[in-house]
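> For reference, the structure I am asking about is given below.
All of the numbers you see were taken from the coordinates with simple rules; none came from a lab. Keep in mind that this is a model prediction, so the values were computed, not measured. Virtual Cβ from ideal backbone geometry, glycine too; neighbours counted across all protein chains shown.
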Amino acid sequence: MAQRPRRSVRNKLYIQLLLLSVVIGAVTFVISLIAIPWLPKVASEQGERIDDIYLFTVAICIVVFAVVAAVSVYAVFKFRAKPGDIEDGKPIHGHTGIEIVWTIIPTILVTAIGIWSAIVVVQNDDLPEGHRIVNVEARQFAWSFNYPDEADGLNDMRMGELVVPVGEPLELHMRSPDVIHAFWVPEWRQKQDVVPGITTFYRITPTEVGVYPIICTELCGLGHSVMRNQVRVLSQPDFDAWLAEKRAAVDAGGADLGGNVFANLGCAACHALDAAGATGAVGPDLDSVLPGQSADQVRQSLVDPNAVITEGFSEGIMPSFGSVPEDQLEPLIEYLVGSVEALEN
Ligand code: CUA
């Protein structure tokens, strides 16, 4: 009959286990929360709340891991079979006390994470009245943005990058004409699918001025990996200046506007064009393919890019720009034709 270890022996065992747990917990804590910056910096109010839950969850994981690892490591060394010992271990029939404890504690912890998460979801979905709205279009394989709160033509401009003022609550109204995409800014933490046929909403209050990547996180076709863009978070005066510059381009019209549309639509990300200082290498070099093309041919390449494919490039990579309003498409074509004519002369 097995004898219960004496009290002093058990106390020694508990102290050794406790010390081992503390050491393992401390090492895990340093690796997971201090030594390595696993996450990019956080740059939104919503992201800060998400990070709090993340830290809470990681803290729970560290404690649970430390206890489990300590007991495992202790058992491996303490109860190792002696050389030549081929006896079976003693049969054990569970331990009701321990089973109750290891059911109740995780239940409490998981419920706490669930309740806190639900509160944060509600807080993050709550936006004050009078927030700014930005329309986002995700299509294979580009992002474009539009500011419906502006007036007199600026509200029709499709922008190739997202520019927003710091500290102002925003609601993105996101649509897709083709397949499911997903809008993600790592520094903002929030992520939201963009689904054809419905409008999805993304609420955010940027807290840090800076330039952050926008990444499509839904496998959406051949060009998914290049479906990236950026958001520029500016101070309020810088943002007003940016809007004023766009306003001036709209008012000027013609090739001036066309050059702006070229920048807005993000053409430079894929194409090289001397006149625009663009050096993209994903698509054909415009300085070499544009000369000799009529305005109608340029229009076809924009509206129906798969109609004629330049040798060495694949079909289905360039998105159609057929939905760009005519009063921007026309200046863009004028700009493109004009920019290489200038080159030839
Ligand atoms: Cu759009 Cu992936």
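> Please identify the trypsin sites (Lys or Arg not before Pro) of segment 1-101 that satisfy two criteria: DSSP loop assignment and at most 14 other Cβ atoms within 10 Å. Which are they?
On the way: sites: Arg6, Arg7, Arg10, Lys12, Lys41, Arg49, Lys78, Arg80; in loops: Arg6, Lys41, Arg80.
Here the sparse-neighbourhood loop sites are Arg6, Lys41, Arg80.
> Using the scaling law 2.2 N^0.38 Å as the reference, what is the normalised Cα Rg of segment 305-345? Working shown, then result.
Values: Rg = 12.9 Å, N = 41, 2.2 N^0.38 = 9.0 Å.
Output field value: 1.43.
> Divide by every residue of the chain the summed helix terms, -39500 (n - 2.57) for each DSSP H run of at least 4, and state the resulting mean residue ellipticity at 222 nm, rounded to the nearest 500 deg cm²/dmol. Each step should come with its number before you reach the end.
On the way: 8 runs with 147 residues, N = 345.
Result for the chain, helices only: -14500 deg cm²/dmol.
> Under 19 Å Cα-Cα from Lys90, which lysines qualify once same-chain neighbours fewer than 8 residues away are excluded?
Within the straight-line cut-off, Lys90 pairs with Lys78, Lys82.
> Moving on to the next point. Determine ³J(HN,Hα), in whole Hz, for all residues of segment 121-128 in sequence, where each value follows from phi through the Karplus function 6.51 cos²θ - 1.76 cosθ + 1.60 and θ = phi - 60°; x replaces Gly and Pro.
Values, residue by residue: 4, 5, 4, 6, 7, 8, 10, x Hz.
> Here is a further query. For the chain, with only Lys/Arg (+1) and Asp/Glu (-1) charged at the beta-carbon, what is the dipole magnitude about the Cα centre, in debye rounded to 20?
Numbers: 23 positive and 42 negative charges, 767 e Å.
The dipole of the chain has a size of about 3680 debye.
> Assuming R0 = 22 Å, what is the FRET efficiency of Ser323 and Asp251, from their Cβ-Cβ distance, to the nearest 0.05? Numbers along the way, then the final one.
Details: r = 23 Å, r/R0 = 1.04.
After rounding to 0.05, the efficiency reads 0.45.
> Order these peptides, 318-327, 137-146, 237-246, by their mean beta-carbon neighbour count within 10 angstrom, highest first. Please report the intermediate quantities before stating the final value.
Details: 318-327: 15.9, 137-146: 22.4, 237-246: 13.9.
Packing order, densest peptide first, comes out as 137-146, 318-327, 237-246.
> Listed highest first by mean packing, meaning other Cβ atoms within 10 Å per residue, what order do 191-198, 212-219, 288-295 come in?
Numbers: 191-198: 15.1, 212-219: 17.4, 288-295: 13.6.
The densest-packed peptide leads the list: 212-219, 191-198, 288-295.
> Please state the relative contact order of segment 132-249 as a whole percent: Cα pairs under 8 Å, 6+ residues apart?
Values: 266 pairs, mean separation 32.2, N = 118.
Relative contact order of segment 132-249: 27 percent.
> Also, I was wondering about something else. May I ask you to order 257-263, 148-154, 159-165 by the average number of other C-beta atoms within 10 Å around their residues, highest value first? Don't jump to the answer; show the numbers that get you there.
Numbers: 257-263: 23.6, 148-154: 13.3, 159-165: 20.0.
So the peptides 257-263, 148-154, 159-165, ranked by packing, come out 257-263, 159-165, 148-154.
> Could you pull out every residue, at least 5 positions away or on a different chain, whose amide H is within less than 5 Å of the one on Gly221? Hs are placed 1.01 Å off N in the peptide plane, and Pro or chain starts have none.
Close amide H contacts, sequence-distant or interchain: none at all.
> With N set to the residue count of the chain, report its C-alpha Rg divided by 2.2 N^0.38 Å to two decimal places.
Working: Rg = 29.7 Å, N = 345, 2.2 N^0.38 = 20.3 Å.
Against the compact-globule rule of thumb, the ratio is 1.47.
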